[in-house]
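The values are calculated or read from the model by the stated rules, or taken from the named source; none is laboratory data. As the structure is a computational prediction, the values presented were derived from the model and not from experiment. Cβ placement follows ideal geometry from the backbone for every residue including glycine, while neighbour counts extend to all protein chains displayed.
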Amino acid sequence: MTGVDGGLRGNGGQERVWTVAGLARAAGVAPHVVRYYARAGLLHPARRSGNGYRMFGARDLACLKFIRKAKQLGYTLGEIREILDEARQGRSPCPRVRQILQRRVEETRQQLEGLQRLQARMEEALDLWSALPDGVPDGDTVCHLIEAAVEEEEAGSPGGRRGLPGAGRVGAPAGSGPEGPDEAP
């Protein structure tokens, strides 16, 4: 007998079993996700029916829901596999879960800091570019805007050119002042 969610009642109505499509519907995922997780060894079909369909039980549904929750917390499938293996061997995966997430929090913090530095560089470049004219490649430059932004950043580093005349106009053509090229007397 087939249920509304695609689950089938097993022998004597004891355990509900699902086909790939039925399990996918019950868990709110696409069927290819169920197939992928089964191929990856995260789900273990209970048995194959006479027609060759993989059949999944209640444990698979719970496991699939667990995988989705773990992914929402940023765990990779490899890490989820480790966690599931620990649990299937009757050991608490909680210490490993904490360890992985603590490492991931630190990695994410470092990524965010890097993104904030990138954001600041991009904003500084836009500020610098607002005062620079468009340029045409001259064989020595490709786009003087990008080159000016990098030169400006290098000028701020120790031993850079900060404080030299024209340092605020780094990347402008040689001999340029605020009003444009200096003219010969």
Are any residues in region 115-131 outside any helix (DSSP H, G or I) and either more than 11 Å from Ala148 (Cβ to Cβ) or touching a Cys at 6+ places or on another chain (Cβ under 7 Å) (or both), and if so, which ones?
none
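Would a scan of region 44-64 turn up a residue that is closer than 27 Å to Thr108 by Cβ and modelled with pLDDT of 95 or more?
Step one: of region 44-64, the residues closer than 27 Å to Thr108 by Cβ are 63-64.
Checking the rest, the ones that are also modelled with pLDDT of 95 or more come to 63-64.
Yes: region 44-64 contains one or more residues that are closer than 27 Å to Thr108 by Cβ and modelled with pLDDT of 95 or more.
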Answer yes or no as to whether Arg162 is modelled with pLDDT under 95 and either of a type in the set (Asp, Glu) or part of a helix (DSSP H, G or I) (or both).
no
Regarding region 78-86, can at least one residue be identified that is free of Cβ contacts under 8 Å to residues at least 40 places away in the same chain, over 30 Å from Ala149 (Cβ atoms), part of a helix (DSSP H, G or I) and of a type in the set (Val, Ile, Thr)?
yes
Looking at (1) under 18 Å from Thr19 (Cα atoms); (2) not in a loop (DSSP other than H, G, I, E, B), which one does Asn51 not meet, given that it meets all the others?
(2)
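Can you tell me which residue is surrounded by the fewest Cβ atoms within 10 Å (Cβ to Cβ) among those in region 24-58 that are of a type in the set (Gly, Ala, Ser) and within 23 Å of Glu86 (Cβ to Cβ)? Write out each step before concluding.
To start, the set of residues in region 24-58 that are of a type in the set (Gly, Ala, Ser) comprises 24, 26-28, 30, 38, 40-41, 46, 49-50, 52, 57-58.
Next, only the ones that are within 23 Å of Glu86 (Cβ to Cβ) stay: 27, 38, 40-41, 46, 57-58.
Details: Ala27: 21, Ala38: 18, Ala40: 13, Gly41: 11, Ala46: 17, Gly57: 20, Ala58: 14.
Taking the candidates together, the pick is Gly41.
When you go through Leu84, Leu77, Leu61 one by one, which is the residue that is in contact with a Phe, Trp or Tyr (Cβ under 9 Å, 6 or more places away or on another chain), surrounded by fewer than 17 Cβ atoms within 10 Å (Cβ to Cβ) and closer than 13 Å to Leu42 by Cα? I'd like the intermediate steps shown before the answer.
Numbers: Leu84 fails: surrounded by fewer than 17 Cβ atoms within 10 Å (Cβ to Cβ); Leu61 fails: surrounded by fewer than 17 Cβ atoms within 10 Å (Cβ to Cβ).
The unique qualifying residue is Leu77.
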When the residues of region 66-87 are narrowed to those that are over 17 Å from Arg39 (Cα atoms) and among the charged types (D, E, K, R), which ends up farthest from the chain's Cα centre (by Cα)?
Glu86
